[in-house]
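Scroll down for the structure; my scribbles are underneath it.
The values are calculated or read from the model by the stated rules, or taken from the named source; none is laboratory data. Model, not experiment: these values are computed from the prediction. For neighbour counting, all protein chains shown are included, and Cβ atoms are generated from backbone atoms with ideal geometry for every residue, glycine included.
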Amino acid sequence: MNSDPKQFVDDIWEQSSDAELPAASSRLKSQLYSRMIETQELTGPLVQLGESKAHGRKLCVFEQIMAAAPVKSVQEYQYCKICHARVLGEQVENAPVFWPNCPYAEFQK
Amino acid sequence: MQILSENTKATPGIYTDLDLAREVLSRDRKATAEFIGRYADPVAKYLRSRVMPRVDLVDDLAQEVFLAAWKSLGNYRGDSTLKSWLLGIAKHKVEDHYRRRLRESLVELPDDDDILDPGVNQELRLLGEMQHRWTWEILSELPENYGLVLRWRYWEQRNASEMAELTGRSEKAVERLLYRAREQFRQKWLDRDGARSAKAKETA
């Protein structure tokens, strides 16, 4: 063992890694998503739901209904804002949200 | 901000890092969800490792990282993976945090050279798992500025001169802080090792 503090700590650090740390909580992911969408909306409308779908993205059951609407503003609206899944996802870890293709449900996995 | 044009859209269902970046930039909510889903874990792990024991800071820093990423995503050219690119932003945020905290704590450092002679030399067996755990535990026990300066030095590979420049303090002051941090880290390690050896003797 080295009595020089610098060499001692250098040696310890060289052999330590930070791989085994907890992942992001589902609450954090939910909050990040909500915040990022809010910020995106400040710069312009979101991509229409029908466009996202055509692009290979899967929509949740509510979005699928809205994606059929022929009105642009209806398709651009972020329905998560008024959905209980968002509230639960942001507030509760491992929230009971099970809607297929709902981002807040996906973050629980 | 650069917006995805029709002829640069990704093939449906197949998203490379660059495709994903372009789709997020075009304000596609589903791509944004995938972006968060893919990269929140590595970013949060990185942040946690750098600010422990202040894990309460992780959420705020993660928000700062992703919002900064959104603002500069137009500059992403796919030269590195999105994960590396995001971790680069996270590194800047962590360094901002270190700089702020150390700038405050260095002001309180006495300007003398009362450095203790370590004079301790015990045999130490470094066992992989135990060493890893001890490192984390000791980092959490150290005063905040000691933990910060060690992480900054070793994980972010900043030398005393760079840290001095970034914090606006003298190199000597940073070196003193580093010395004390290392000495305290070492002392805590030796205390643990002593306790472990004594326990082993008792059970033998």
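Scanning the range B:22-60 for residues being part of a helix (DSSP H, G or I) and either in contact (Cβ under 8 Å) with a residue 12 or more places away in the chain or more than 7 Å from every other protein chain (Cβ to nearest Cβ) (or both) gives a total of 24. If you go through the range A:79-102 and pick out every residue that is surrounded by 14 or more Cβ atoms within 10 Å (Cβ to Cβ) and part of a helix (DSSP H, G or I), you end up with 8. Selection of the range A:51-77 for residues being within 18 Å of the chain's Cα centre (by Cα), buried (at least 18 other Cβ atoms within 10 Å of the Cβ) and not hydroxyl-bearing (Ser, Thr, Tyr) yields A:Arg57, A:Leu59, A:Cys60, A:Glu63. In the range A:46-78, which residues are closer than 24 Å to B:Leu67 by Cα, assigned to a loop (DSSP other than H, G, I, E, B) and facing another protein chain (nearest Cβ under 7 Å)? Correct list: A:Leu46, A:Val47, A:Arg57, A:Gln78. Close Cβ contacts (under 6 Å, 6 or more residues apart or on different chains) running from residues in the range A:71-98 that are under 12 Å from A:Leu49 (Cβ atoms) to residues that are outside any loop (DSSP other than H, G, I, E, B) comprise A:Val74/A:Met66; A:Gln75/A:Leu49; A:Gln75/A:Gly50; A:Gln78/A:Ile37; A:Tyr79/A:Phe62; A:Cys80/A:Arg86. Annotation note: of A:Ala68, A:Ala54, A:Ala105, A:Ala85, the sole residue that is touching a Gly at 6+ places or on another chain (Cβ under 9 Å) and at pLDDT 90 or above is A:Ala105.
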